[in-house]
Amino acid sequence: MASHRAVLAVLSAVALAAVACRGGDGAAPQEGKGGIKVDFGVTAEPCPDTGHSDRGCIYLGSISDLTEGPFKTLAVPITESQKAFWKRVNDQGGIGGYDVDVTTHVKDNKYNPQIHNQVYQEMKGKVLALAQTLGSPTTAAILPDLESTQMVSVPASWTSLWGVEEVVLESGANYCIESMNSVDYAVDELGAKSVMAVHLPGDYGDDAAAGAKIAAQKRGVTFTSAVTQTGQDNQGGAIDAVLANKPDVVVLTTGPTDAAVIIGQTAARGFKGKFIGTSPTWNQGLMQSPAAPAIKALYLQSAPWKSWATDSPGHKALREALPSVTPNDGYTAGWVWSYPLKAALQKAAENKDLTRAGVLAAVRELKSVDYEGMLPEGAGNFAGNANDAAFRQTLIYKPDEQAATGVGLVEDFFTGPTAKDFKFEKPCYA
């Protein structure tokens, strides 16, 4: 099956010709500062509050889980980190004579796909691209519109669907690869003979469970799975399923609060296997929860990149940009996710085309992205097909009360045998 990226590349000439007339969503391109072609979300007037009156403004939108959804403890830091990232870009000279604004158009999705789509519709005519669209099922709700308007977006999620979607600039390994690597680690390092996936439904949980199943089958270990829903009071079925199946390792793909309930209550009822949480499952607040003793005894955390306190130029820049915050790897994620859009905007400005079509054309030219050491060299290939571009390295952490974000490194960047050999042509859960 040809990748979605490859198909879109074939159609690019037709698509770009159409967009030249309609600006991606009905606006005719105009000439902006420095002879750069612009359409949506780019003004000659300066951004509010940047203090750079000689520059124009590129407006980016953010849609996140800011008040009551299951990922707000990650989403609020993600959003604040991205504001700090783009402030640094502006302080370093902006992009092509423009500053970048990620504060004017920020909306709360409450981790609800309908709300996500509603607030996206409200902002889409006012922004060039999305600096953040949080959640796999929520972003899926606007994906057809992102494609039809050629609006490039940065996901705050890691579903393998993004690997075959041209308009989505993913960073790090997807949930499917992360879970493949977790199962390989469990087999090779923990001696696991049976694996269970406990997960939320939809692109997030289903993708992780699919990766766990693929790896279990490749490694010849028993696999079972159980779907659960968000909410502390909804975990009884998952807890019973873990206790009934008695797996050596559970690949856990939920929100942090749900994870604490599942780990704490299974441990209280005698479960002694290990849990390996997919990256959004963790928040350091779990170390202060009643489940903390069980978490310290039974839990490992997989991750797509290194945590807050890591010694890299990018991590250092992050810490300098947010000197007074309580460390949280939501900040780390927000910072890492921003690099590909920065690279695309820079390339589009060099090409004198900051229209939506121009940014998408710039994305197709990116064979790698400079993550300032936060991801290894070779990450950020948006020019290749889905299989060639897939980043396959993840890490393993464990709870550590002395660590800045509550986890200490166990296994540095690695690719397990399952992910190494797997051919990506479509989303793993499809």
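The values are calculated or read from the model by the stated rules, or taken from the named source; none is laboratory data. Everything numeric here is computed off the predicted structure, so don't read it as measured data. Glycine also receives a Cβ, built like all others from the backbone with ideal geometry; neighbour counts cover every protein chain displayed. Each accessible area value is taken on the protein alone, full model and side chains, heavy atoms only, with ligands, DNA and RNA left out. Shrake-Rupley method; radii C 1.70, N 1.55, O 1.52, S 1.80 Å.
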Quiz item: If you go through the stretch 311-330, how many residues are open to solvent by 30 Å² or more (accessible area, probe 1.4 Å) and within 15 Å of LEU375 (Cα to Cα)?
Solution: 4
Quiz item: Out of the stretch 68-84, which residues are within 17 Å of THR103 (Cβ to Cβ) and either open to solvent by 50 Å² or more (accessible area, probe 1.4 Å) or assigned to a loop (DSSP other than H, G, I, E, B) (or both)?
Solution: VAL76, GLU80, LYS83
Practice problem: Could you check how many residues of the stretch 85-119 are open to solvent by less than 40 Å² (accessible area, probe 1.4 Å) and of a type outside the set (A, V, I, L, M, F, W, C)? | Solution: 11
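Working carefully through the options ASP240, ASP206, ASP248, find the one that is under 29 Å from TRP162 (Cβ atoms) and at pLDDT 95 or above.
Values: ASP240 fails: under 29 Å from TRP162 (Cβ atoms); ASP248 fails: under 29 Å from TRP162 (Cβ atoms).
Exactly one residue qualifies, and that residue is ASP206.
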Quiz item: Considering only residues of the stretch 175-215 that are among the polar types (S, T, N, Q) and touching a Gly at 6+ places or on another chain (Cβ under 6 Å), which is surrounded by the most Cβ atoms within 10 Å (Cβ to Cβ)?
Solution: SER179
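Could you tell me which of the residues GLY270, GLY264, GLY285 is open to solvent by 10 Å² or more (accessible area, probe 1.4 Å) and either at positive phi or not in a helix (DSSP H, G or I) (or both)?
On the way: GLY264 fails: either at positive phi or not in a helix (DSSP H, G or I) (or both); GLY285 fails: either at positive phi or not in a helix (DSSP H, G or I) (or both).
Unique residue meeting the criteria: GLY270.
Answer yes or no as to whether GLY378 is open to solvent by less than 30 Å² (accessible area, probe 1.4 Å), out of contact with any helix residue (DSSP H, G or I) (no Cβ under 8 Å at 6 or more places or on another chain) and free of Cβ contacts under 8 Å to residues at least 60 places away in the same chain. Can you show your working first?
Details: open to solvent by less than 30 Å² (accessible area, probe 1.4 Å): no; out of contact with any helix residue (DSSP H, G or I) (no Cβ under 8 Å at 6 or more places or on another chain): yes; free of Cβ contacts under 8 Å to residues at least 60 places away in the same chain: yes.
It is false that GLY378 is open to solvent by less than 30 Å² (accessible area, probe 1.4 Å), out of contact with any helix residue (DSSP H, G or I) (no Cβ under 8 Å at 6 or more places or on another chain) and free of Cβ contacts under 8 Å to residues at least 60 places away in the same chain.
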Practice problem: Answer with yes or no whether LYS426 is at negative phi and open to solvent by 30 Å² or more (accessible area, probe 1.4 Å). | Solution: yes
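Does GLN229 meet the test of being open to solvent by 10 Å² or more (accessible area, probe 1.4 Å), of a type outside the set (Val, Ile, Thr), outside any loop (DSSP other than H, G, I, E, B) and at pLDDT 95 or above?
Values: open to solvent by 10 Å² or more (accessible area, probe 1.4 Å): yes; of a type outside the set (Val, Ile, Thr): yes; outside any loop (DSSP other than H, G, I, E, B): no; at pLDDT 95 or above: yes.
Considered against the rule, which asks whether it is open to solvent by 10 Å² or more (accessible area, probe 1.4 Å), of a type outside the set (Val, Ile, Thr), outside any loop (DSSP other than H, G, I, E, B) and at pLDDT 95 or above, GLN229 comes out as no.
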Quiz item: If you scan the stretch 120-147, which residues turn out to be free of Cβ contacts under 8 Å to residues at least 60 places away in the same chain, open to solvent by 10 Å² or more (accessible area, probe 1.4 Å) and either within 21 Å of THR278 (Cα to Cα) or part of a helix (DSSP H, G or I) (or both)?
Solution: GLN121, GLU122, LEU143, PRO144, ASP145, GLU147
Quiz item: Can you spot a residue in the stretch 69-90 that is more than 23 Å from LEU322 (Cα to Cα) and modelled with pLDDT under 95?
Solution: yes
Exercise. Pull up the stretch 13-57, narrow it to residues that are surrounded by 13 or more Cβ atoms within 10 Å (Cβ to Cβ) and acidic (Asp, Glu), then point me to the one that is modelled with the highest pLDDT.
Key: ASP39
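Report yes if some residue within the stretch 182-194 is basic (Lys, Arg) and part of a loop (DSSP other than H, G, I, E, B); otherwise report no.
First, the residues of the stretch 182-194 that are basic (Lys, Arg): 193.
Keeping just the survivors that are part of a loop (DSSP other than H, G, I, E, B) gives 193.
Looking through the stretch 182-194, at least one residue is basic (Lys, Arg) and part of a loop (DSSP other than H, G, I, E, B).
Restricting to the stretch 332-370, and then to whatever is hydroxyl-bearing (Ser, Thr, Tyr) and surrounded by fewer than 23 Cβ atoms within 10 Å (Cβ to Cβ), can you tell me which residue is farthest from ALA321 (Cα to Cα)? Talk me through it step by step, then tell me what you get.
Residues of the stretch 332-370 that are hydroxyl-bearing (Ser, Thr, Tyr), as a first pass: 332, 338-339, 355, 368.
Filter again for surrounded by fewer than 23 Cβ atoms within 10 Å (Cβ to Cβ), leaving 339, 368.
Numbers: TYR339: 15, SER368: 24 Å.
Only one residue tops the list, namely SER368.
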Self-check item: Residue satisfying all of: in the stretch 385-410; open to solvent by 60 Å² or more (accessible area, probe 1.4 Å) and among the charged types (D, E, K, R); farthest from ALA303 (Cα to Cα) among these
Solution: ASP388
Quiz item: For ALA403, all conditions in the list (1) closer than 27 Å to ALA210 by Cβ; (2) in contact (Cβ under 8 Å) with a residue 40 or more places away in the chain hold save one; what is the number of the exception?
Solution: (1)
Exercise. For the stretch 320-329, indicate whether the set of residues that are within 23 Å of ASP258 (Cα to Cα), in a helix (DSSP H, G or I) and under 20 Å from the mean Cα position of the chain (by Cα) is non-empty.
Key: yes
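Here is a check on your reading of the model: is GLU401 over 26 Å from VAL167 (Cα atoms), modelled with pLDDT under 95 and either of a type outside the set (A, V, I, L, M, F, W, C) or in contact with a Leu (Cβ under 7 Å, 6 or more places away or on another chain) (or both)? Can you show your working first?
Details: over 26 Å from VAL167 (Cα atoms): yes; modelled with pLDDT under 95: yes; either of a type outside the set (A, V, I, L, M, F, W, C) or in contact with a Leu (Cβ under 7 Å, 6 or more places away or on another chain) (or both): yes.
Yes: the conditions hold for GLU401.
Based on this model, can you work out whether GLU365 counts as touching a helix residue (DSSP H, G or I) at 6+ places or on another chain (Cβ under 6 Å) and of a type in the set (D, E, K, R)? Before you say what the answer is, go through the steps one by one.
On the way: touching a helix residue (DSSP H, G or I) at 6+ places or on another chain (Cβ under 6 Å): yes; of a type in the set (D, E, K, R): yes.
Answer is yes for this residue.
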